[in-house]
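What follows is a single structure, written as structure tokens, with notes after it.
The values are calculated or read from the model by the stated rules, or taken from the named source; none is laboratory data. Because the structure is predicted, anything quoted here is derived from the model rather than measured. A quick note on method: Cβ atoms are made from the backbone with ideal geometry, for glycine too, and the neighbour counts reach across all protein chains shown.
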Amino acid sequence: MEKGTNSRASSGSSYEVFLNFQGADTRNGFTDFLYHGMVGAGILVFRDSESLHVGEEIGAELLQAIENSKIYIPIFSANYASSCWCLRELAYMVECTLKSNGNKEILPIFLDVEPVDVKLKSNLYKQTLSKRQKTFCSEAESCQKALIAVGKIKGWNLKKDESQVDLIQSVIEAVLVKLNVGYKNVTEHLVGVDDRVVAIIKMLDMESDDVKFLAIHGIGGVGKTTLTKVVFN
């Protein structure tokens, strides 16, 4: 069974992005594509799984992942508000963001829903919350406040006829900028790369103040992207 996963095998305690989503709606679709796209870009991502949802309270592993993440990405889908876990995570993400002195940020994605739905100005989430208030009445107010607060944040609003690929690329690019990424994740112990790296760096003439353009071309799968990442690092 899938465990809460991050994007590096070394799995340290700190993450860069925490994905919050309704599993039945998006786990095997949009969220999966976004997760793997971020992993490919070298971003440390935490994506939780239902196996971590034990008992009524958020477990220690989820709490730590939320606390240690820098960027929170809630993915609002049609049935998001039906998940107590999504709402609990969202409320805690808002709490951590408010306490972070600007060091944490929430970047919402509205997937086939509108910001007005999340702000509880329509019946989509409002009716669902009303039905579930008896289940977690002690948390209802904080969850509602979290939804309204995050619904006001400018994010990405995907319409049904728009490209998910373009949106995912836009999200990844925005996250990389906000993280000010200075390192690209590559496979360890690469073979046959060193000589090519030295040759490219020599051609770039790093001591020069001139702007240089260097094209790396070849058939797919020969390692152009990997080589570029190594040179960048």
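In segment 5-22, the qualifying residues are those that are crowded, with 17+ Cβ neighbours inside 10 Å and over 19 Å from Lys178 (Cβ atoms), and the one that is modelled with the highest pLDDT is Phe21. Scanning segment 171-218 for residues that are at pLDDT below 85 and of a type in the set (Lys, Arg), we see that the one that is nearest to Val45 (Cα to Cα) is Lys184. Name the pairs whose Cβ atoms lie under 8 Å apart, with the first residue in segment 199-216 and without any contact (Cβ under 8 Å) to a residue 60 or more places away in the chain, the second surrounded by fewer than 10 Cβ atoms within 10 Å (Cβ to Cβ) and among the charged types (D, E, K, R), and 6 or more positions between them or separate chains? What qualifies is Met203/Lys212; Leu204/Lys212; Asp205/Lys212.
The residue of segment 47-60 that is modelled with the lowest pLDDT, among those that are touching a helix residue (DSSP H, G or I) at 6+ places or on another chain (Cβ under 9 Å) and assigned to a loop (DSSP other than H, G, I, E, B), is Glu56. The number of residues in segment 210-233 that are on the phi > 0 side of the Ramachandran plot and surrounded by 10 or more Cβ atoms within 10 Å (Cβ to Cβ) comes to 1.
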